[in-house]
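Below: the structure, in structure tokens.
The values are calculated or read from the model by the stated rules, or taken from the named source; none is laboratory data. Not measured: the values here are computed from a predicted model. Cβ atoms come from the backbone with ideal geometry, glycine included; neighbour counts cover every protein chain shown.
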Ligand code: AMP
Ligand code: MG
């Protein structure tokens, strides 16, 4: 893949699917390989595995680069569509334990997108104002507008993850949130937003070595937070909370995808591919203009 940088971009002009041609891509799509279906167990998902991709690190990096241009064209089509009467948008939700590589996804995948068409939001612990509203208030305000790709770096799922693990609200409150989330997402989908939810799945050992590296390198120390060790002690409770999220909120309207993320190059390729496959399925079309193109050409030529 990627001998001619333009190849993939051109192909999207006329065909829906360009991904099956690469030899390193397995016949199964990333969407099919990573989707969380009933009975999925996080504890049985190998964080080092590379589903739907048979190549190595070098091939993965090359594939990531080769497909960079494709997202841009889809974005432009989606945006163009919204200028006429399109209501559609895409929302990418990214969750994962500390050091799972969310930042790398933002730099290497979201960074390939046209910033004009992206609505990016990083969710931190809620402010006093946000806490005065229902938990979905700040989420609703961050949803993408028609034609945009919304990106959530953490999300409303923190309200059933960190909040559940630390008892930040009573159990009676957080346990109602799964159904509230499903309802909220179903409404967003109905309004035209395709929702892709990604969990970056790393092992506990991998987290330990990434945190160790942060402490050892002067250029990484700023990313370390002494609280990360305290959170790490709660690893089993977080895994349980993630399993509950996957059990209860992977719906037909808004499914979850678990991306094995011990290998950063794979996680980036997988998230890029999930976004691309989703855009391919949405198949946005260049908008039809409401003027007579031939007449305009003639008028312009006469000037
Ligand atoms: P970071 O992504 O490393 O900048 O950290 C953001 C922090 O905000 C994490 O520790 C999250 O757990 C925390 N956070 C995000 N959303 C919420 C929330 N709804 N309630 C409590 N903490 C949150
Ligand atoms: Mg952190």
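Here is a list: 147, 111. Which entry is touching a strand residue (DSSP E or B) at 6+ places or on another chain (Cβ under 7 Å), modelled with pLDDT of 95 or more, under 26 Å from residue 80 (Cα atoms) and more than 16 Å from ligand 2 (Cβ to nearest atom)?
It is 147.
Quick check on my filter: what residues within the range 228-262 are over 18 Å from residue 40 (Cα atoms), away from ligand 1 (no atom under 13 Å from the Cβ) and touching a helix residue (DSSP H, G or I) at 6+ places or on another chain (Cβ under 7 Å)?
235, 262 - these are the residues of the range 228-262 that are over 18 Å from residue 40 (Cα atoms), away from ligand 1 (no atom under 13 Å from the Cβ) and touching a helix residue (DSSP H, G or I) at 6+ places or on another chain (Cβ under 7 Å).
For residue 90, indicate whether it is away from ligand 1 (no atom under 16 Å from the Cβ) and under 12 Å from residue 117 (Cα atoms).
It is true that residue 90 is away from ligand 1 (no atom under 16 Å from the Cβ) and under 12 Å from residue 117 (Cα atoms).
Search the range 41-62 for residues being surrounded by 15 or more Cβ atoms within 10 Å (Cβ to Cβ) and in contact with a helix residue (DSSP H, G or I) (Cβ under 6 Å, 6 or more places away or on another chain), and hand back the single one that is farthest from residue 250 (Cα to Cα).
Top of the filtered list is 61.
Evaluate the range 161-180: report whether one residue or more is within 14 Å of ligand 1 (Cβ to nearest atom), surrounded by 20 or more Cβ atoms within 10 Å (Cβ to Cβ) and within 30 Å of residue 82 (Cα to Cα).
no
Please work out if residue 118 is within 15 Å of residue 267 (Cβ to Cβ), touching a residue at least 24 places away in the same chain (Cβ under 8 Å), more than 16 Å from ligand 2 (Cβ to nearest atom) and within 17 Å of the chain's Cα centre (by Cα).
No, not satisfied.
I'd like the full set of residues that are over 16 Å from the mean Cα position of the chain (by Cα), assigned to a loop (DSSP other than H, G, I, E, B), within 16 Å of ligand 2 (Cβ to nearest atom) and in contact (Cβ under 8 Å) with a residue 40 or more places away in the chain, limited to the range 228-263.
Of everything in the range 228-263, just one residue is over 16 Å from the mean Cα position of the chain (by Cα), assigned to a loop (DSSP other than H, G, I, E, B), within 16 Å of ligand 2 (Cβ to nearest atom) and in contact (Cβ under 8 Å) with a residue 40 or more places away in the chain, namely 234.
Could you please find all residues in the range 118-159 being within 9 Å of ligand 1 (Cβ to nearest atom) and assigned to a loop (DSSP other than H, G, I, E, B)?
Those that are within 9 Å of ligand 1 (Cβ to nearest atom) and assigned to a loop (DSSP other than H, G, I, E, B): 123, 124, 125, 126, 135, 154, 155.
Taking the range 190-227 as the search range and keeping residues that are crowded, with 16+ Cβ neighbours inside 10 Å and part of a helix (DSSP H, G or I), which one is farthest from ligand 1 (Cβ to nearest atom)?
206
Could you check the range 121-158 and list, in sequence order, the residues that are crowded, with 17+ Cβ neighbours inside 10 Å and more than 27 Å from residue 111 (Cβ to Cβ)?
If the condition is that a residue be crowded, with 17+ Cβ neighbours inside 10 Å and more than 27 Å from residue 111 (Cβ to Cβ), then 135 is the only one that fits.
Tally the residues that are under 19 Å from residue 142 (Cβ atoms) and in a helix (DSSP H, G or I), restricting the search to the range 100-110.
Count: 5.
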